[in-house]
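Okay, structure first, notes after.
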Ligand code: FES
């Protein structure tokens with residue numbers, strides 16, 4: 001089968017261009033449309049397998065476009081790619097049957113991950129089955145099914161099932177939410193509301209280790225900003241992102257309740273106080289041997305440069 005044709009719809013040219021750059025480098029057949037109106041014109045003239053669309057656009061917005069596609073060209077798979085949509089809009093998009101969601105700004109790895117899944121969808125593999133086939137090992141899917149089965153008749157079962165699902169899968173993408181909705185016979189919109197309401201649920205994949213940096217006042221005053229910049233620069237991620245190799249996720253929180261130790265960083269369940277940029281990176285390196293190695297050779301280089309200087 002030829003590579004699927006993908007149409008990227010956004011009212012910002014820069015978003016179209018960066019998505020094009022990432023996806024073309026992997027050999028995908030990409031075109032762009034500046035807004036919903038242009039997208040409809042293009043879809044009427046040419047066939048596409050996938051449409052990646054922003055939601056908030058002037059004139060014809062994303063939801064209107066999705067409704068039109070679902071009615072006129074139901075075989076096209078849809079992915080939303082958007083910044084800060086309202087939960088209601090996301091809920092509506094999920095109910096309309098989108099394949100997945102890419103948060104904006106996106107990293108190349110997230111965009112490529114979602115694209116791969118969406119492409120599988122176009123090849124006739126339904127997301128649930130495809131997850132089992134590729135992303136979720138069969139044992140993981142079987143475990144998810146078992147949890148849903150065990151809880152399905154218990155009152156108030158949604159939150160415990162979501163917690164277990166997040167433990168099993170690592171995060172709660174739309175495909176998992178739909179599976180839980182179906183298994184527990186709860187509307188997908190309700191499942192999604194609960195996932196969005198509680199901060200301990202995440203729709204984005206997290207790394208093996210979750211780094212939380214405190215952005216509260218006490219930590220700010222004691223210099224957490226420098227620590228955060230160093231982590232961002234070294235791991236090449238922003239707050240809310242996960243590294244390309246899925247080793248680390250970085251999260252900013254209001255107060256970790258350990259102000260006396262400010263500035264504070266927590267990795268998984270371990271709390272570290274009195275952080276400096278160097279100390280923080282030393283600790284983070286202990287969670288990743290490759291990072292530790294890179295830090296050691298960097299230090300050796302610095303030492304040598306100092307001696308030579
Ligand atoms: S402000 Fe950072 S722990 Fe309280």
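Taken together, the values in this text are just the output of simple stated rules run on the coordinates, not laboratory data. Since the structure is predicted, the reported quantities are computational estimates derived from the model, not experimental observations. Here the Cβ is made from the backbone with ideal geometry for all residues, glycine too, and neighbour counts use every protein chain on show.
Using Cα pairs under 8 angstrom and six or more residues apart, how large is the relative contact order of the chain, in percent? Don't skip to the end; give the middle numbers.
Values: 448 pairs, mean separation 31.4, N = 309.
RCO, the chain: 10 percent.
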Take each of the peptides 260-267, 42-49, average the number of other beta-carbon atoms within 10 Å over its residues, and list them starting from the highest. 260-267, 42-49
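Could you work out the percent of alpha carbon pairs in the range 209-308 separated by over 18 Å, rounded to a whole number?
Working: 2248 of 4950 pairs.
That tail contains 45 percent of the Cα-Cα pairs.
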So, in nm, how far is label residue 209 from label residue 185 when the simple model puts each one 7 Å beyond its Cα toward the Cβ? 4.6
Please determine, in degrees from 0 to 90 and to the nearest 10, the orientation of helix 62-72 with respect to the longest principal axis defined by the Cα atoms of the chain, where the helix direction is its Cα long axis. 40
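Grab the beta carbon distance between residue 142 and residue 308, set R0 = 51 Å, and tell me the FRET efficiency rounded to 0.05. Mind dumping the intermediate values first?
Values: r = 59 Å, r/R0 = 1.17.
The calculated FRET efficiency here is 0.30.
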Under the rule of -39500 (n - 2.57) per DSSP H run of 4 or more residues, summed and divided by the residues of the chain, what mean residue ellipticity at 222 nm is obtained, to the nearest 500 deg cm²/dmol? -15000 deg cm²/dmol
Mean-square fluctuation maximum in Gaussian network of the chain, Cα pairs under 10 Å, restricted to 190, 293, 145, hits 293
Could you grab the relative contact order for the range 209-308? Cα pairs under 8 Å, six or more apart, rounded to a whole percent. 31
If the elastic network links every pair of Cα atoms under 10 Å, which of 237, 224, 283 fluctuates the most in the Gaussian network model of the chain? 283
Residue separation between residue 221 and residue 42 times 0.36 nm, minus their alpha-carbon distance, gives in nm 59.1 nm
What is the Cα coordinate range of the range 144-206 on the first, second and third principal axes, sorted by size from largest, in whole angstrom? 29, 21, 17
Distance between the C-alpha centers of the range 22-92 and the range 158-223? Whole Å please. 26
Using a basic spin-label model with each label point 7 Å from the Cα along Cα→Cβ, how many nm lie between residue 200 and residue 283? 2.1
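Dividing the alpha-carbon radius of gyration of the chain by 2.2 N^0.38 Å (N being the number of residues), what value is obtained?
On the way: Rg = 21.9 Å, N = 309, 2.2 N^0.38 = 19.4 Å.
Taking N as the residue count of the chain, the ratio is 1.13.
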Set the Förster distance to 35 Å, then compute FRET efficiency between residue 293 and residue 25 from the Cβ-Cβ distance, nearest 0.05. 0.80
